[in-house]
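The structure appears below as structure tokens.
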Amino acid sequence: MSYHSIQEILQNCKDKSLLFWETILEDDINSRNISRESSMNKMQSLWDAMLLAGSTYDKKAHSASGLVGGDGGLMEEYYMTNDSLCGDFISKAIAQALQMGESNACMKRIVAAPTAGACGVLPAVLLPLFREKGILSSKIIEALYVAAGIGQIIAQRAYIAGALGGCQAEIGSASAMAAGALVHIKGGDSDQIANSVAMALKNLLGLVCDPVAGLVEVPCVKRNVIGAVNALAAADMALAGIRSKIPADQVIDAMKEVGDSMDASLRETGKGGVAGTPKAQEIVSKLLNKSDH
């Protein structure tokens, strides 16, 4: 990617009178020396994979460890039979985030966006919009370019891996990508996209990566939920005209600084945070005994 900052993307949008997604599409065509059709076909294939993953969730499936499985089904049953506190749409997003994260833990095919551990965030907000709100696939494809551009800038300036920057780099990045995608879908401009990115990242700044037993299951799957809900909130704030006092690029840089400051125990080693609790250690002991037999 030729861009190294959100600001550069915004400037190109202004100079060429392009939308955010068009700037990313243009860059993909030029940097990979491919046709517009080839680029868009690839993005379509990713959306098709998300749709397939969303439609093939099995609530009876559990991960090999037994730590993950079924919660997405429980959430779906809950919102279908109860007056949920979060309302219909957000409840569906919660269920979808759980389902996608569980599918990943159960070794199903998912789309890493930007990582497998954060694979539930984007689909959690995009699939309900597509299914329930009648958003066209073509608009979703545009939104995926927005998300891709945001993710690439974060990867260049900071991290998208929990092992390097904590879960803020995974769920945080996915949430920022989803927020920007949502703003585009709802007709927001490039500046509003940037503001949603900044707010989404700020809200999850400092989030540690502490997987129990080193598995991308607990608390990872449920963190996809907070990433999705955070994206919805950040997008709505940006669309309302609320601006981040700190520019998106500076927030990304701050995320890197925070990640660099994190103790190694809080960066996917399975040693600190909830991974270090007595219950987590009990789980580890049981899994080790199980593997010995």
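The values are calculated or read from the model by the stated rules, or taken from the named source; none is laboratory data. All values reported here derive from a predicted model rather than from experimental measurement. Glycine also receives a Cβ, built like all others from the backbone with ideal geometry; neighbour counts cover every protein chain displayed. We work out accessible area using only protein heavy atoms, side chains counted, and drop any ligands, DNA or RNA first. Shrake-Rupley method; radii C 1.70, N 1.55, O 1.52, S 1.80 Å.
Do we find that Val146 is open to solvent by less than 30 Å² (accessible area, probe 1.4 Å), within 30 Å of Gly214 (Cβ to Cβ) and of a type in the set (Val, Ile, Thr) in this structure?
Values: open to solvent by less than 30 Å² (accessible area, probe 1.4 Å): yes; within 30 Å of Gly214 (Cβ to Cβ): no; of a type in the set (Val, Ile, Thr): yes.
Here the answer is no, as Val146 does not meet what is asked.
Please determine, by comparing only the residues of segment 1-45 that are more than 25 Å from Gly187 (Cβ to Cβ) and not in a helix (DSSP H, G or I), which one is modelled with the lowest pLDDT.
Met1
What pairs come out if I take residues in segment 120-142 that are surrounded by 24 or more Cβ atoms within 10 Å (Cβ to Cβ) and pair them with residues that are not in a helix (DSSP H, G or I) whose C-beta lies under 6 Å away, six or more apart or interchain?
Leu122/Ala113
May I ask you to list the residues in segment 55-83 that are out of contact with any Cys (no Cβ under 9 Å at 6 or more places or on another chain), within 21 Å of Met107 (Cβ to Cβ), assigned to a loop (DSSP other than H, G, I, E, B) and among the acidic types (Asp, Glu)?
Selection gives nothing.
Give the residues of segment 1-42 that are small (Gly, Ala, Ser) and within 22 Å of the chain's Cα centre (by Cα), sorted by residue number.
Ser5, Ser39
Does segment 234-251 hold any residues that are among the basic types (Lys, Arg) and touching a residue at least 12 places away in the same chain (Cβ under 8 Å), and which are they? Spell out the reasoning first.
Here is the first cut: in segment 234-251, the ones among the basic types (Lys, Arg) are 243, 245.
If the condition is that a residue be among the basic types (Lys, Arg) and touching a residue at least 12 places away in the same chain (Cβ under 8 Å), then Arg243 is the only one that fits.
List every residue pair whose Cβ atoms lie under 7 Å apart, where the two residues are 6 or more positions apart in sequence or sit on different chains, the first residue falls within segment 252-266 and is within 13 Å of Gly172 (Cβ to Cβ) and modelled with pLDDT of 95 or more, and the second residue, located anywhere, is aromatic (Phe, Trp, Tyr) and open to solvent by less than 80 Å² (accessible area, probe 1.4 Å).
Lys256/Tyr159; Gly259/Tyr159
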